Each structure stands twice: as C-alpha cells, then as structure tokens.
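A short write-up of the structure that comes next.
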Amino acid sequence: MTILYSCIARGPTILCSHQIGAGRYEHVAESMLRNIPLRSDTKTTYAGEDNNQYHCVVENGLIYLCVSGADFGKRQPYGYLAEIKRQFLTGTLGSRAITATNHELDIDFKNVLVRQMELFSSGGGSKTSALQNQVDEVKGIMTQNIEKVLERGERLEDLQSKTEDLEANAMVFQKTARKVRRKFWLKNLKMKIILFCVIFVILVTIIMIILATKTDVFKSSSSGGGAVTTTKSP
C-alpha cells in the first residue's frame, strides 16, 4: 500500500497538496478540515467515506494530513507527517503559511510531498525518520546541555561578583572599625586625663586644707602660751 494523498492546510485552506492516482481524496479532506479543531495540538486518525484512513497532525494552527489504506497501518503515515512538518517549518514557509491562500505554496513544497510520499510508501522512510528523530534528540540534548553550561556560567559570574562585593564591603568595614576604635580610644584617654586632673586637684585641695588647718592650730597654741603670768607669794 502507499500514501495516496497529502496536504498541509490552515483550517479549510489547503496551502499545498499532492495526490497519487485517481480519487476524491481532496474533496473528502476539505470536508474534514472544516471540522478539525485547531485550539490544541493533536494527532488523530479519521475513517473517511471512501474507506481510507485520514491521518492528521495539528500543530500551531496548521494541519498536516495524509491518506492511506486501512491496512497500511499508522506508523509509516505518522512518520511521514512528522518529516514533512519538520521540512516545512525549517525554512520560511511556516511564517508564509499564516497568510498564504489556497494552493499558494504548491510551487515551493509540492516536490517535497512527492519525494516523501514515495519514500515512506516504499518503506524506506521509517529508517530515515528514525535516524532523523535520533539526530533531533541528540541536538535537543546538546542544546539543553549548552543552556545549562551557560546558565551555570552566569551563576558563577554572579557568585564571583557577589564575592567581590563582600570583599570590598569587608575592607570598608575594617577601615571604619579601625577609625571608630581609634576615636573611642582617644576619647577614653581624654576622659582618663580629665579624671586624673580632677582627682589631682581634689587631692591638692585636701592637702592644702589640712596644712592650713594645722598651721592655724599651731599659731593658736603659741599665742596662748605667751599670756601666762607667775605670782610670787610673800
């Protein structure tokens, strides 16, 4: 069995398509496209009026559709849809699809549909698709690793910047602490000198008072001794 028909559509607007042999595949596809919801990305297989299977992948408002016989299975058709979706979005067609009219992109992408339909119909597409999926998976892992390395590098730069800021703040704090400590040491020294002077003045005053008191007592004793007279008896 083969893939009989394929198209890429934006809602009911068929942007490009290709058909092998006779059949009303596009007519049936047009009636289906009007009823396929675009609100979310989905992967669905519909049974057509012609007893064929219509495999659809909806992603970002675009519908990737192909038709095959019921006995062809689903692995090859969905592998085919994944491949044409990848190639369609590789260039500028993805952005052009937003405003393109009916069959406007046939001239750009129909040859890709022809080649891939032949490839996947013959069974060779599964190996190619599997290999491409592995390549895409490896690319995704490498991209994630690079992003993690870059993120780790940014974090290390932030950590280094914060460390430098802490070192600068520590140096400023040490200088300020030394100035404050010296200031309080001088203030404490001044207080000690003032206290020593006050105590010294008090002691000198006390000593002078004591000396002055002793001097007055001594003078009083001397004056009293000179006034004594002796009387002789007859």
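Results, tabulated for the structure shown:
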{"quantity": "Any hit, segment 86-107, residues being among the β-branched types (V, I, T) and part of a helix (DSSP H, G or I)", "calculated": "yes"}
{"quantity": "Residue list for segment 74-103, restricted to those being surrounded by 14 or more Cβ atoms within 10 Å (Cβ to Cβ) and small (G, A, S)", "calculated": "G79, A82, A97, A100"}
{"quantity": "Looking only at segment 117-132, and only at residues there that are of a type outside the set (S, T, Y) and over 40 Å from the mean Cα position of the chain (by Cα), the one that is modelled with the lowest pLDDT", "calculated": "G124"}
{"quantity": "Residues of segment 32-66 classified as over 18 Å from K85 (Cβ atoms) and touching a Pro at 6+ places or on another chain (Cβ under 7 Å), total", "calculated": "1"}
{"quantity": "Condition broken by A82, with the remaining ones in (1) within 19 Å of S31 (Cα to Cα); (2) assigned to a helix (DSSP H, G or I) satisfied", "calculated": "(1)"}
{"quantity": "Strands (runs of 3 or more DSSP E) contained in segment 1-73 and holding at least 3 residues open to solvent by less than 50 Å² (accessible area, probe 1.4 Å) and not small (G, A, S)", "calculated": "3-10, 13-19, 53-59, 62-68"}
{"quantity": "Selection within segment 98-116 - more than 26 Å from K74 (Cα to Cα) and either among the β-branched types (V, I, T) or within 32 Å of the chain's Cα centre (by Cα) (or both)", "calculated": "I98, T99, T101, I107"}
{"quantity": "Options D136, D106; residue that is open to solvent by less than 70 Å² (accessible area, probe 1.4 Å), acidic (D, E) and modelled with pLDDT under 90", "calculated": "D136"}
{"quantity": "Verdict on Y64 being touching a Gly at 6+ places or on another chain (Cβ under 9 Å) and among the hydroxyl-bearing types (S, T, Y)", "calculated": "no"}
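The values are calculated or read from the model by the stated rules, or taken from the named source; none is laboratory data. Quantities reported herein were computed from a predicted structural model and do not represent experimental measurements. A quick note on method: Cβ atoms are made from the backbone with ideal geometry, for glycine too, and the neighbour counts reach across all protein chains shown. Surface accessibility is based on the protein's heavy atoms, side chains included, excluding ligands, DNA and RNA. Shrake-Rupley method; radii C 1.70, N 1.55, O 1.52, S 1.80 Å.
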